[in-house]
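Worksheet: one structure, shown below.
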Amino acid sequence: MAYSDKVIDHYNNPRNVGQLDKSSSEVGTGLVGAPECGDVMRLQIKVNPETQVIEEAKFKTFGCGSAIASSSLATEWVKGKTIEEAMQITNTDIVKELALPPVKIHCSVLAEDAIRAAIGDWKKKNGVTEGAEVAQAVAAN
Amino acid sequence: MSTTEIGNVSVPAGVNLPLYMDNHATTPLDPRVLEAMMPYFTTVFGNAASRNHSFGWEAEAGVEKAREQVAKLIGATAKEIIFTSGATESNNLAIKGIAEMYKERGNHIITQATEHKAVLDTCKRLEKSGYRVTYLPVKADGLIDIEDLKLAMDDKTILVSIMFANNEIGVIQPVAEIGKLCHERGVLFHTDAVQAVGKIPVDVNAMNIDALSLSGHKIYGPKGVGALYVRRRNPRVQISEQINGGGHERGMRSGTLNVPGIVGLGKACELAGEEMVAETKRLIALRDKLKAKLEGALDYIHVNGSWEHRLPGNLNMSFVYVEGESLLMGINEIAVSSGSACTSATLEPSYVLKALGLGDDVAHSSIRFGLGRFNTEAEVDYVADKLIDVVQKLRELSPLYEMVKEGIDISKIEWQAH
Ligand SMILES: Cc1ncc(COP(=O)(O)O)c(C=O)c1O
Ligand code: FES
């Protein structure tokens, strides 16, 4: 399979790899996918409580090159956006930017899910209730 | 496109990229095989079926020599060899041909879960026309349990088709035991020996094999040519032909013979027989070195399938918490393959690895190395170094590896499978 230059670039130089403090009230965590499906993404955002601007974003991804690139790109895109703006990012934007082939569309869907899950988590922590909940992985205990 | 930067291991002298280490998929043609084939493309171009001139006779002589060479490698006689277009055809011919010929006697066929699709899909096809097929499971090591085979046999069983060695995990089935059991029960035994022939000793008589499929391109011969061995004595096995026409190959496989291909297959068999002992020793040393280097540097890796009953050139390993396709992307100038769903058109992980009872997550992380005649020790060193580097980098990116390192039991997480 031939990868686009942008996928290769994100794969070689993934942006914003790492972890934010899950327990902080300013941090929202999205953990989506499943090991059995070959893809797990964790995307975290740190939100300024005053402005609702995403000041930091971090990810780690287990998945194919396109999944890594999609989540790396997602962290770049959400940074500097408000929660509302970040909710507007869709998987088709990611597909377009990375020139993903049809078989890799689900990798971009996962990145969109990860953004929404992280925002959902932040909202829940901060008592913001509007907005759809996104299914994500939960620790059993 | 150049090398990816995620790994930054320098390429040592004597290693040329791209580097081929996928010899279960296919093998390069041995130059000595090419040399043997060349005249049959040009000066000796006759139709081996032309009985009335020297062009035909010379082509036929080339084919008959090849028949001897193929037969010798598996302990058969030349008359028991039918040339085909490859092992897919050989498997089809053996299984459908026997099923049809013996349908008065019974309609039950036994095979097993990790067969090549050329066997599985042939069996599925037969199920649609009234045959009953038992697909035996394999144990965690990839081997079938002989007791399961015994239990599966009934008075309607006409054929057992079990592969000699597996193309993904290199695991070698207890073929001699299977053959013995089949002959005691009066059941015919076919084996897809594509990965075994020329790599490990195969003897159709000692192992009680009634039909055997082999292929040229897995043994440094040409693609598009293979053979089916069909036993002629004790018992005499009959198959009904699947391709009708001019009655070539004693009526069992019509079609003008692929003379250069057949000559190449013969030469490849001859070389494999002559060099098997030395090649086996060399490949085992290379494979063991590769495994030792990887195990010395990385945690959470393991071999898939029996280590003891394995082809010399095969190493199938899972690098847990790293997804196979992303791994292949990091070593993009090294040709190996993965059981990961992300590398397959169907987005399904390897059914062979699943049959071992491995979780899908382990299948997703698997890499198959297929070492062959032309791989060198310098290549093994480079592949190991490169792989270690890329696995380490990808694990820094892996949320699963991080969780496991922090002591979180990821099997206890309720994942949202999609
Ligand atoms: C075990 C096994 N059987 C059958 C085949 C098919 O052989 P061929 O490519 O000659 O049709 C292969 C190779 O892909 C194989 O590995
Ligand atoms: S994560 Fe499997 S195809 Fe992208």
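Data table
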| quantity | calculated |
| --- | --- |
| C-alpha center-to-center spacing [the stretch B:65-129, the stretch B:208-231] in angstrom | 10 |
| Förster radius 45 Å - calculated FRET efficiency between B:THR26 and A:GLN88 (Cβ-Cβ, nearest 0.05) | 0.40 |
| Most fluctuating residue given options B:VAL237, B:VAL119, B:VAL225, as computed from a GNM of chain B linking Cα atoms under 10 Å | B:VAL237 |
| Simple label model, 7 Å out from Cα along Cβ direction - B:SER411 to B:GLU184, nm | 3.7 |
| Where no second cysteine Cβ lies under 4.7 Å, the cysteines concerned in chain B | B:CYS123, B:CYS182, B:CYS269 |
| Prolate/oblate/rounded call for the stretch A:5-127, Cα gyration tensor, a/c under 1.5 rounded | prolate |
| Net +/- balance of residues flanking B:ASN23 in space, Cβ distance below 9 Å, scoring K and R +1, D and E -1 | +1 |
| Shielding score for B:321-327, defined as the mean number of other chain Cβ atoms within 10 Å | 6 |
| Nearest-ten-degree value, helix B:87-101 long axis tilted from longest Cα axis of chain B | 50 |
| Kirkwood-based shape ratio for the protein assembly as shown, expressed as Rg/Rh from alpha carbons | 1.06 |
| Amide H within-cut-off set for B:THR26, under 5 Å, with H built and near neighbours excluded | none |
| Relative intensity, log₁₀ I(q)/I(0), of the stretch B:301-400 from a Debye sum that treats every alpha carbon as a point, q = 0.12, 0.18, 0.23, 0.24 Å⁻¹ | -0.38, -0.86, -1.32, -1.39 |
| Probe 1.4 Å, protein heavy atoms only - accessible area per residue of the stretch B:31-272 in square angstrom | 40 |
| All lysines inside 22 Å of B:LYS117 as judged from Cα atoms, apart from same-chain residues fewer than 8 positions distant | B:LYS96, B:LYS128, B:LYS139, B:LYS199, B:LYS218, B:LYS223, B:LYS354 |
| Degrees, to the nearest 10: B:54-74 long Cα axis against longest axis of chain B | 50 |
| Cleavage-rule hits, GluC sites (Glu not before Pro), the stretch A:18-65, DSSP coil, Cβ neighbours within 10 Å at most 10 | A:GLU50 |
| Neighbour cut-off at most 11 other Cβ (10 Å), DSSP loop, GluC sites (Glu not before Pro), the stretch B:297-396 | B:GLU308 |
| Carbon and sulfur %, accessible surface of the stretch B:31-272 computed with the full protein complex present, 1.4 Å | 53 |
| Percent antiparallel among DSSP beta bridges (both partners in the stretch B:31-272, rounded to 5) | 40 |
| Gaussian network model of chain B, Cα within-10 Å springs - most flexible of B:CYS182, B:CYS342, B:CYS123 | B:CYS342 |
| Spin-label model distance (nm) - B:SER254 vs B:ASP141, 7 Å beyond Cα toward Cβ | 4.8 |
| Number of Lys pairs (Cα under 15 Å; 8 or more positions apart or on different chains) in chain A | 17 |
| Neighbourhood charge, 13 Å Cβ-Cβ cut-off, centred on B:GLY14 and excluding it, Lys, Arg +1 and Asp, Glu -1 | -3 |
| Counting DSSP beta bridges with both ends in chain B, the antiparallel % (nearest 5) | 55 |
| Mean Kyte hydropathy of -0.5 or more with a Cα span along the axis of at least 27 Å, helices from DSSP in chain A | A:105-125 |
| Amide H contacts under 5 Å for B:GLY359, placed H, 5+ residues apart | none |
| Distance in nm between pseudo-label sites at B:GLU308 and B:GLU100 (7 Å out along the Cβ direction from Cα) | 4.3 |
| Per-pair calculated FRET efficiency, R0 = 41 Å: B:ALA78 and B:GLU127 via Cβ, rounded to 0.05 | 0.70 |
| Share of alpha-carbon pairs per 20 Å distance bin for chain B, given as whole % | 26, 52, 21, 1 |
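The values are calculated or read from the model by the stated rules, or taken from the named source; none is laboratory data. All values reported here derive from a predicted model rather than from experimental measurement. No Cβ is skipped: glycine too gets one built from the backbone with ideal geometry, and neighbour counts run over all protein chains shown. Please note that ligands, DNA and RNA were not included when accessible areas were found on the heavy atoms of the full protein model with its side chains. Shrake-Rupley method; radii C 1.70, N 1.55, O 1.52, S 1.80 Å.
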